Amino acid sequence: GACGQLMGAFEAEYELTTTRLEPGDVLLLYTDGIIERRGKDLESGLRQLIDATQRCVMDDPEELIDCVLAKLSDGRAEDDVCVLAARVL
């Protein structure tokens, strides 16, 4: 996937990237609240999200979101969390 500055975090120019999605692929969009934890770096949170997503292999996007949130939930959310999932048909 593409890596770069967080959108809206800084006034910066963003690199345009194209990724081809194939049937069955899932696009997962999320806000920073799902990977940010006080006292931990973003890379650690991102690795946890990737691990949770890989362990939650489901056809239904809603079930995928529920599974990912359950695996990441520690009951102490410090920020708003929003997750969207879309499966390519």
Could you list, ordered by first residue, the pairs with Cβ atoms under 8 Å in which the first is in the range 15-29 and open to solvent by less than 90 Å² (accessible area, probe 1.4 Å) and the second is assigned to a loop (DSSP other than H, G, I, E, B) and modelled with pLDDT of 90 or more, at least 6 apart or interchain? 21/88; 22/88; 24/88; 25/88; 26/88; 27/21; 27/88
Among the residues of the range 30-49 satisfying the criterion of being touching a strand residue (DSSP E or B) at 6+ places or on another chain (Cβ under 9 Å) and among the β-branched types (Val, Ile, Thr), which is least open to solvent (accessible area, probe 1.4 Å)? 34
For residues in the range 30-59 being in contact (Cβ under 8 Å) with a residue 24 or more places away in the chain and outside any helix (DSSP H, G or I), which is nearest to residue 88 (Cα to Cα)? 59
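Results for (1) on the phi > 0 side of the Ramachandran plot; (2) touching a helix residue (DSSP H, G or I) at 6+ places or on another chain (Cβ under 6 Å); (3) modelled with pLDDT of 90 or more, shown as yes or no for each residue.
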site	(1), (2), (3)
39	yes, no, no
54	no, no, yes
70	no, no, yes
83	no, yes, yes
Determine which member of the set 70, 52 is among the small types (Gly, Ala, Ser) and surrounded by 11 or more Cβ atoms within 10 Å (Cβ to Cβ). 52
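The values are calculated or read from the model by the stated rules, or taken from the named source; none is laboratory data. Given the structure is predicted, the values throughout are model-derived calculations rather than measurements. Glycine gets a Cβ as well: all are built from the backbone with ideal geometry, and neighbour counts include every protein chain shown. Areas reflect the complete protein model, heavy atoms only, side chains present, ligands, DNA and RNA absent. Shrake-Rupley method; radii C 1.70, N 1.55, O 1.52, S 1.80 Å.
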